[in-house]
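Student: First, the structure itself, so that you have it in front of you.
The values are calculated or read from the model by the stated rules, or taken from the named source; none is laboratory data. Every value quoted in this text rests on a predicted model; they were computed, and no experiment measured them. Neighbour counts run over all protein chains shown; Cβ positions are idealised from the backbone, glycine included. Quick note on the areas: whole protein, heavy atoms, side chains included, nothing else; ligands and nucleic acids left out. Shrake-Rupley method; radii C 1.70, N 1.55, O 1.52, S 1.80 Å.
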Amino acid sequence: MSVVYTLVLSMLTVAALLALWRLLQGPTTLDRIAALDVFVVLIVAAAAVYAAIYSDGSNIPLLAAVALIALVGSATAARLVERWERHR
């Protein structure tokens, strides 16, 4: 089972590096917002894998709250950027 965890964590690491690259190189603000949202989701997924490895479900409500706040935050930021671009 540790092979599966190692494979999943390595894939999450590669995805996080790609999201970080998009965050730094994104040509528009919306690209950067989407990359930041993906990065937060990947952090939540890595914490969920950690919870699965150690059979510790005590932080599952915290993971759900962080994911919800990230979703609301990225949607709000995208709406603000859209309004700002329209008024420009």
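Student: Give me the angle, in degrees from 0 to 90, between the Cα long axis of helix 60-87 and the longest principal axis of the Cα atoms of the chain, rounded to the nearest 10.
Tutor: Between helix and principal axis, roughly 20 degrees.
Student: Taking the chain as the reference, fit the longest principal axis to its C-alpha atoms, fit the long axis of helix 2-25 to the helix C-alpha atoms, and give the angle between the two in degrees, 0 to 90, nearest 10.
Tutor: With both axes taken from Cα atoms, the answer is about 20 degrees.
Student: Rounded to the nearest 20 Debye, what is the dipole magnitude of the chain about its Cα centre when Lys and Arg each give +1 and Asp and Glu each give -1 at the C-beta?
Tutor: Around 340 debye, computed over the chain.
Student: Run the numbers for Leu24 and Ile43: contour at 0.36 nm per residue of separation, minus the present Cα-Cα distance, in nm.
Tutor: Computed gain between Leu24 and Ile43 is 5.1 nm.
Student: How large, in percent, is the carbon and sulfur part of the accessible surface of the chain at a probe radius of 1.4 Å?
Tutor: Carbon and sulfur together cover 72 percent of it.
Student: Now for a different question. Kindly report the accessible area of the chain per residue (heavy atoms of protein chains, probe 1.4 Å, no ligands, DNA or RNA), in Å².
Tutor: Heavy-atom accessible area per residue stands at 73 Å².
Student: Return one number: the angle in degrees, 0 to 90 and rounded to the nearest 10, between the long axis of the Cα atoms of helix 29-53 and the longest principal axis of the Cα atoms of the chain.
Tutor: So the inclination is approximately 10 degrees.
Student: Just subtract the alpha-carbon distance of Val4 and Arg79 from 0.36 nm times their residue separation and send over the number in nm, one decimal.
Tutor: 23.2 nm
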